[in-house]
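Laboratory data are not the source of any read-out in this text; all were calculated from the coordinates shown. In this text, all values refer to a predicted model and were calculated from it rather than measured experimentally. As a convention, Cβ positions derive from the backbone with ideal geometry for all residues, glycine included, and neighbour counts pool all protein chains shown.
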Amino acid sequence: MAKTPAKKPPAPVPPGAPVAPCSTYAGASMVRFVDEAGNLLAGEAPFPDERVAELYRHMVRARRFDARMLKLQRQGRIGTFAPCFGQEAAQVGSIAACTPKDWFVPSFRELACALYRGAPMRNVLLYGMGLEEGSAAPPDARDLPISIPVGGQSSHAVGLAWAMKLRGERAGAIVYFGDGATSEGIVHEAMNFAGVMKLGVVFLCQNNQWAISTPRVHQASDRPLAERAAAYGFPGVVVDGNDLLAVLSVCTEAMERARSGGGATFVECITYRRGVHTTADDPRVYRGEEEEKAWESRDPLDRTRRYLEKRGAWDAARERALEEAVDAEMQVEIQAAEDYRASSVNPLEMFDYVYVSMPPYLKAQRDEAEEAFRGRNVVVGASAPWVPGGAAAVGQLEEAPPEDAAAPKGGAR
Amino acid sequence: MSGNSVTMVEALNRALAEEMERDPRVMILGEDVGVDGGVFRVTKGLQDRFGKDRVVDSPLAEACIVGASVGLAIGGMRPVCEMQFSGFMNFAYGQIQPHMSRFLGRTRGGRRMPVVVRAPSGGGIRALEHHCESEEMSYVSVPGLVVLMPSGPRTAYGLLKAAIRSEEPVIFFEPKSIYRAFREEIPVDGDPYPIGKAEVLVRGNDVTVVTWGAMVRKCREAAERVAASTGAGVEVIDLLTLKPMDPEAVMESVKRTGRCVVVHEAPRTGGFAGEIFARINEREDVFYGLRAPLARVAAYDVPYPLFARENAYLPDTDRIEAQILRTLNA
Ligand SMILES: Cc1ncc(C[n+]2csc(CCOP(=O)(O)OP(=O)(O)O)c2C)c(N)n1
Ligand SMILES: [Mg+2]
């Protein structure tokens, strides 16, 4: 899937324009290869055009599917999820630096990475429909399922890299987390472990400027998050996370260090969550359209496409063909997921994976449940379409009618 | 937020506002509690009203939110901290159990701990993984903690006021499925609802149903059905305080009815029903009067499933009704 680049990547170049209005990062330098207009900032093209075009395809595929999932959620066909809109370069550029032997440890927003690693769209949809079947792990894949408790997964990457070291395997681990997650103690603990044991972990922080409603500047001091790496004893790099080539270049080097016993790297991708935090969130409560507009002009897909077009490696016809191919794929996958859900999903499956072998008391509960479920439909769909403003955070709240329309009194019903 | 018939979210918001008005030491901290007003909007408008020093958007760090609250309390403030979901309160357990719950004892009464830890809990809203669990037993088992769970706007308002005025650390679980589900009248500048006092919601002499939180509504529905179909008197008790629990309300009732069904959303093994049964067992006057085996309706002993299967997992009115009937006929 991922080939190593033909040439050694060129040295980091400092930023041209201010890229991150939410984080000033005064005086810090950021790795950047391509500007918003798609111009190479310095030197030779670091990667063959075909490779860049291939990664661009992955970015478009992820964005299109992400947008489609948002629609499905709005129609009530899947439940809550966290869109990756705007972060495709940070995700594809970093995961493309990994081989299938390297471990992929996501948080909850890495749709583009998961698709790149080969997760079938139907599985992503099944999970979104509230069916555990969607996160069933093929035993040979080195991918972990999404992790919602913020930051917790960082320690798993430490363990995975440690295991690779103990078993003498040439493989590293890449762990994804956000700017908000860097405030959690476990993330510090993980980086310290990796530093002191010289473990091959790439800590891939997508600094997308927001943790729900909390802006980056309220999360931590106004120094780059990547500077923390110095104290743990490994390199930290700030990279323009909307610049595919820059991310790919930095991560290729970091993953190579991870595989070859050189230890960990902290990569801070400066990017932007262009969409909602999750489908239950309403960004209008805490941020303005102006800021969103400013970041729209730095969009990672536009930038990569312009770069490729300028080099004669992409055009409108190819774009259209790609979109059609993705749409056809999505149609098949959505149908497959919806067929599965309609195929009388077994509610008793929830008893099957609590232990490797089911203890008798659980078997008894399963029998009891079977009796209780008989003749009833106890499996739920995603239900009603979403309405803005309700703030259910991650789900759907039952709403009492407005006061004047409410029943006469008491109303505990 | 006009009028006095409000949802639980509005009732909690009012209780917070009135207590902040009343006592300048009361402050709020947590993730997204300020500008956003909390992901469920419980603290909506409070930062505008009381300022950024008293309603604080903290970094994303549950352990330090609680740990800092311990320090704030010792330093003379009365922090009310919000855990965005009770599932993430586990990150703060290392502060709640070893530190917050033990300070009073360790200092032989010298350091009180007026801290409230609020957390939305329970399931039933088709939410994501880890956003649905009922974890009251992790806290009920810790000596020194007060554990409360209201069952609607009125009790939420009164209990939160009591929690904020308490000199003891309180874990305050808010059943999220009923945040906006129905309205009740609440007073303006009303009184706290006493900690440690259960409420008998429906009177009856044939069977006692003990429950709390979001299950209260379902138990009342089931009780009505049973009463309608059999004419039996089903007594429904809402515990409200899990620790220190009101034993008399339950003992008096079960002594009278001789039958008891406990209903909770948390998994069966290690659930609070077991504690209630043990207490009944320890009271000779109640135990020897039992006319049916004690029974419980709880979630199954499996991890909270993703939402497609959550209706199968959670106790529902049908299951509760069936158990009440079995107990009546035993
Ligand atoms: C331990 C924990 N606390 C709180 C939450 C609720 N929550 C989910 S995502 C999120 C913000 C995460 O921000 P960041 O790390 O920047 O990632 P992003 O959402 O921006 O991708 C919060 C507070 C959680 N899932 N886990
Ligand atoms: Mg973020």
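A:R61 sits among other residues whose Cβ lies under 15 Å from its own Cβ, and their net charge, with Lys and Arg +1 and Asp and Glu -1, is -1.
Neighbour counts of C-beta atoms inside 10 Å place A:V196, A:V380 in the sequence A:V196, A:V380, starting with the fewest.
Counting charges near B:R279 (Lys, Arg +1; Asp, Glu -1) among other residues having Cβ under 13 Å from its Cβ returns a value of -4. In a simple Cβ point-charge model (Lys, Arg +1; Asp, Glu -1; nothing else charged), the stretch B:171-264 has a dipole of about 400 debye relative to its Cα centre. Counting neighbouring Cβ atoms within 10 Å and putting the fewest first, the residues B:Y93, A:Y272, B:Y193, B:Y304 line up as B:Y93, B:Y193, B:Y304, A:Y272.
Between the beta carbons of A:Y355 and B:R326, assuming R0 = 41 Å, the FRET efficiency works out to 0.90 to the nearest 0.05. Seen through its C-alpha gyration tensor, with square-root eigenvalues sorted a ≥ b ≥ c, the stretch B:199-329 comes out oblate because a/c lies at 1.5 or above while a/b is not bigger than b/c. For the stretch A:22-338, the gyration tensor built on C-alpha atoms gives a rounded shape. Its axis ratio a/c (a ≥ b ≥ c) stays under 1.5. Of the peptides B:227-236, B:27-36, B:94-103, B:280-289, the ranking by mean beta-carbon count within 10 Å, highest at the top, reads B:27-36, B:94-103, B:227-236, B:280-289.
The ranking of B:E21, A:E256, B:E321 by Cβ neighbour count inside 10 Å, starting from the fewest, reads B:E21, A:E256, B:E321.
Normalised by the number of residues in the stretch B:4-186, the average gap of Cα pairs under 8 Å and 6 or more apart makes the relative contact order 28 percent.
Please work out the C-alpha center-to-center distance from the stretch B:255-307 to the stretch A:295-347 and express it in whole Å. Using only Cα atoms to place each centre, the spacing works out to 53 Å.
Projecting the Cα positions of A:W162, A:G151, A:Q335 onto the charge dipole of chain A (unit charges on Cβ atoms of Lys, Arg, Asp and Glu, taken about the Cα centre) puts A:W162 furthest along the positive direction.
Under the convention that each Lys and Arg Cβ holds +1 and each Asp and Glu Cβ holds -1, the size of the dipole of the protein assembly as shown around its Cα centre is about 940 debye. Other residues lying with their Cβ under 14 Å from the Cβ of A:R259 contribute a combined charge of +3, Lys and Arg counting +1, Asp and Glu -1. In degrees between 0 and 90, to the nearest 10, how far off the longest principal axis of chain A does helix A:300-310 point, with axes built from Cα atoms? Approximately 40 degrees, to the nearest ten.
Ordering B:T211, A:Y286, B:L145 by Cα displacement along the dipole of the protein assembly as shown toward the positive end leaves B:L145 in first place; charges were set at the Cβ atoms of Lys, Arg (+1) and Asp, Glu (-1).
Step through the table entries B:K52/B:K176; A:K293/B:K44; A:K165/A:K198; B:K176/B:K243; B:K218/B:K255, compare each Cα-Cα distance with 18 Å, and write down the pairs that go over it. The answer is B:K52/B:K176; A:K293/B:K44; B:K176/B:K243; B:K218/B:K255.
Centre-to-centre separation between the Cα atoms of the stretch B:1-55 and those of the stretch A:31-65: 47 Å.
Relative to the current alpha-carbon distance between A:K198 and A:H156, full extension at 0.36 nm per residue lengthens the span by 13.6 nm.
When Rg and Dmax are taken over the Cα atoms of the protein assembly as shown, they come to 27.3, 90 Å. Across chain A, the relative contact order, built from alpha-carbon pairs under 8 Å that are at least six residues apart, equals 22 percent.
Here the gap between A:R284 and A:S344, fully extended at 0.36 nm per residue and compared with their Cα-Cα distance, gives a gain of 17.7 nm. In percent, what relative contact order does chain B have, based on Cα pairs under 8 Å that are 6 or more apart in sequence? Once divided by the residue count of chain B, the mean separation gives 16 percent. Per-residue ellipticity at 222 nm computed for chain A from its helices equals -12000 deg cm²/dmol, with DSSP H segments shorter than 4 residues left out and the rest contributing -39,500 (n - 2.57). Cα gyration tensor of the stretch A:113-231, axes a ≥ b ≥ c as square roots of the eigenvalues: rounded (a/c below 1.5), prolate (a/b > b/c) or oblate? Oblate shape, in that a/c is at least 1.5 and b/c is the bigger or equal ratio.
When Rg and Dmax are taken over the Cα atoms of chain B, they come to 19.6, 59 Å.
Taking Cα atoms only, the orientation of helix B:247-257 departs from the longest principal axis of chain B by about 20 degrees.
Summary of the geometry: the stretch B:162-189 and the stretch A:142-198, compared by the centres of their Cα atoms, lie 39 Å apart.
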